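The values are calculated or read from the model by the stated rules, or taken from the named source; none is laboratory data. Keep in mind the model is a prediction, meaning the values are calculated, not measured. No Cβ is skipped: glycine too gets one built from the backbone with ideal geometry, and neighbour counts run over all protein chains shown. When the accessible area is computed, the model is the full protein with side chains, heavy atoms only, and any ligands, DNA or RNA have been set aside. Shrake-Rupley method; radii C 1.70, N 1.55, O 1.52, S 1.80 Å.
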Amino acid sequence: MPQKLIVLRNCGVINPKDITTYLDRDGFKAFKKAIDELTCEQVTEEIKASGLRGRGGAGFPCGLKWDLARKAQGDEKYVICNADEGEVGTFKDRYILERDPFTLIEAMAIAGYAIGAKKGYIYLRAEYHHLDLLTDAIKQTREKGFLEHFDINIREGAGSYVCGEETALMDSIEGKRGEARYKPPFPPSRGLWEKPTIINNVETLMNIPQIILNGAHWFNQIGTDQSKGTKVFSVSGDVKKPGVYELELGSRLKELVEDLALAEKVKMVQVGGATGKIIPYEMIDTPLAFESILGAGAVTVFDETRDIVDVVYRSMEFLAEESCGKCAPCREGTEVIVEILERFCRGEGLEEDIEVLQRLASAMMLSSLCGLGQAAPIPVIDSLQYFRSAYENRIQKN
Amino acid sequence: MNNGQEELLLLLQKAQNEFGYLSEESVAELAKSLALPISDIYGVATFYSFLSTKPLGRNVIRICKSMPCYLKNCQIIIDTVEKEIGIKPGETTPDGKFSFQLTNCIGACDKAPAMMINSDVYDDLTPGKISEILKACK
């Protein structure tokens, strides 16, 4: 299946430094349609009917989120774009922001209208400070008069993976340590400064103008039963053509990894970054969709020369470093897993370690506060399922 | 809304950019002007990896050590930088020119291995490219 461009339709086509090139590609037509022809409710209904789900990894229905925020009582409401792309192996949002900042801005303006917000934030990770064209794109949009009732500010992160988690991100905008909050309340009822807030990933928002212009039905025809539209993937690792690819949801992992990115002698693929599921080569035909594997679309490819235990150890080391430390299962659990895996890497695993890993993993998944700790054990569990002998061969014999 | 709190991270980022680190004096001053306890300020300052409570060099080198860069042998880049500037990760050169850190994914995985010097990204690195990049640093 060839690439299908909805999110990336303007990338490489428009000049990201010149709004007129965007206007020539139907830029801000969706925004005008929304405010001139549709009520707020009709906008959220359209998004709901499209079946669009969040592209940041969790897959929450976007229209439902918007509708909850629209109905929520509040003198002030906020729209946040999550551009804190910190997941290991993800760079699609950077690619998008570098090439088409205007679609994102238009989408945020539509979101502001739909929920009744006057202010929006783009939370940009510190590592993307170099994307200063975004500031200029907002300025150009303002000058053209598209941001008269809704303004957008950029807030930069300061180096923290967990700030990509929506409630940690809001705490960071509020100037605090970026630690995940207890939920409920959820952001659409009480988010930024306790006000109704929607927070969407860059890629989720990029779909909005096309949905408003072409209608929910058009979008609804693309993809699978539970996964509508396309997904943008970031492919890296042992491939000849690393990069960003947009495919219809439901496409096979094989098409992405072997046909487009030209991987050879694949041993396994991790889909979803450091906490992503591990897919052994035998399962390379797995469809990419919310109902199977997806995450935020980070696809890291490992060839036959790679050592699974080493790979999982490094993923866990990363997660232990980035755990915010607020809840014990994640803070302590990631550390203990690192300690055990390090032993396996040295060939000094203990007989009982595998069982301990499994017990610890299920406790963390059940009791961690946010997605980081809940998903952290996934690579451990998957690798034990598909590559168990790699662990067993490293149990110390004496 | 606590305005002091909202300003805190912005002001810390500003101070970091201006002075290269957050000195005890600047933290104390911030605490006073925002009417926040000093401990709260350190709580935020030490949470984020791009904020530093110790003096850093004029050029902060951050080499990505996350998976995609690891697969593209970032270790050889780390070794090369170590040799070129004579310090290990976590250290600053005595002349204050360079600080050297290892960092997590910087979103340049399609062009791994990659590193940042201050806000600039350098990708598709090879050991051969390093000395020229470092020479251009002031």
Among A:Glu45, A:Glu351, A:Glu194, the residue with the largest mean-square fluctuation in a Gaussian network model of chain A built from Cα contacts under 10 Å is A:Glu351
By accessible area (1.4 Å), largest first, A:Trp218, A:Trp193 order as A:Trp218, A:Trp193
For chain B, the Cα-Cα pair-distance distribution in 10 Å bins from 0, as whole percents, is 12, 38, 28, 17, 6, 0
Of the candidates A:Pro188, A:Met206, A:Leu169, the farthest towards the positive dipole end of the stretch A:162-216 (Lys/Arg Cβ +1, Asp/Glu Cβ -1, centred on the Cα centre) is A:Pro188
Within the set A:Glu165, A:Glu355, A:Glu246, GNM on chain A using Cα springs under 10 Å gives the largest fluctuation to A:Glu355
Between A:Leu64 and A:Asn153, the FRET efficiency computed from the C-beta separation at R0 = 35 Å comes out, to the nearest 0.05, as 0.85
Rounded to one decimal in nm, the spacing of the 7 Å Cα→Cβ label points at A:Gln385 and A:Asp26 is 4.0 nm
Placing each pseudo-label 7 Å from Cα in the direction of the beta carbon, A:Asp310 and A:Glu332 end up separated by a distance in nanometres of 3.3 nm
Rounded to one decimal in nm, the spacing of the 7 Å Cα→Cβ label points at A:Lys241 and A:Glu98 is 1.7 nm
For chain A, longest principal axis from Cα atoms; helix A:353-367 axis from its Cα atoms; angle between them, nearest 10 degrees, is 20 degrees
Set A:Lys29/A:Lys77; B:Lys65/B:Lys88; A:Lys195/B:Lys14, cut-off 22 Å on Cα-Cα distance; pairs above it are A:Lys29/A:Lys77; A:Lys195/B:Lys14
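Could you compute the FRET efficiency for B:Glu7 and B:Thr46, with r as their C-beta to C-beta distance and R0 at 22 Å, rounded to 0.05?
On the way: r = 18 Å, r/R0 = 0.83.
Working from the Cβ atoms, E equals 0.75.
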Once phi for every residue in the stretch A:248-265 is put through the Karplus expression 6.51 cos²θ - 1.76 cosθ + 1.60 (θ = phi - 60°), the whole-Hz ³J(HN,Hα) values, with Gly and Pro written as x, are 4, 4, x, 5, 7, 4, 4, 4, 5, 7, 8, 6, 8, 8, 6, 7, 10, 6
Residues other than A:Lys33 with Cβ under 13 Å of its Cβ, Lys/Arg counted +1 and Asp/Glu -1, net out at -3
Of the listed pairs A:Lys17/A:Lys92; A:Lys17/A:Lys71; A:Lys4/B:Lys129; A:Lys92/B:Lys138, those with alpha carbons more than 25 Å apart are A:Lys17/A:Lys71; A:Lys4/B:Lys129; A:Lys92/B:Lys138
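Using only the alpha carbons of the protein assembly as shown, what is the convex hull's orientation-averaged projected area in square nanometres?
On the way: hull surface 100.0 nm².
Orientation-averaged projected area of the Cα hull: 25.0 nm².
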A correct Kirkwood calculation over the Cα atoms of the stretch A:230-303 returns a hydrodynamic radius in Å of 11.6 Å
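Apply the a/c threshold of 1.5 to the C-alpha gyration tensor of the stretch B:59-137 and tell me whether it is rounded, prolate or oblate.
prolate
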Cα-based Rg/(2.2 N^0.38 Å) for the stretch B:4-49, rounded to two decimals, is 0.98
Taking placed amide H atoms and a strict 5 Å upper bound, the residues 5 or more places from A:Tyr78 or on another chain that come that close are A:Thr197, A:Ile198
A chain fully extended from B:Lys88 to B:Ile38 at 0.36 nm per residue, minus the present Cα-Cα distance, gains in nm 14.9 nm
Phi-derived 3J(HN,Hα) across the stretch A:197-203 with the Karplus relation (6.51, -1.76, 1.60, θ = phi - 60°), rounded Hz, x for Gly and Pro, is 9, 10, 10, 10, 5, 3, 5
To the nearest 0.05, the calculated FRET efficiency linking A:Asp285 and B:Ile76 through their beta-carbon distance, R0 being 56 Å, is 0.95
Sorting A:Val13, A:Val269 on solvent-accessible surface, 1.4 Å probe, most exposed first, gives A:Val13, A:Val269
Residues meeting the amide H criterion for B:Phe98 (H placed from the backbone, H to H distance under 5 Å, 5 or more places apart or on another chain) are B:Arg58, B:Asn59, B:Thr93
Checking A:Thr21, A:Thr90, A:Thr305 against a Gaussian network model of chain A (alpha-carbon springs below 10 Å), the top fluctuating residue turns out to be A:Thr305
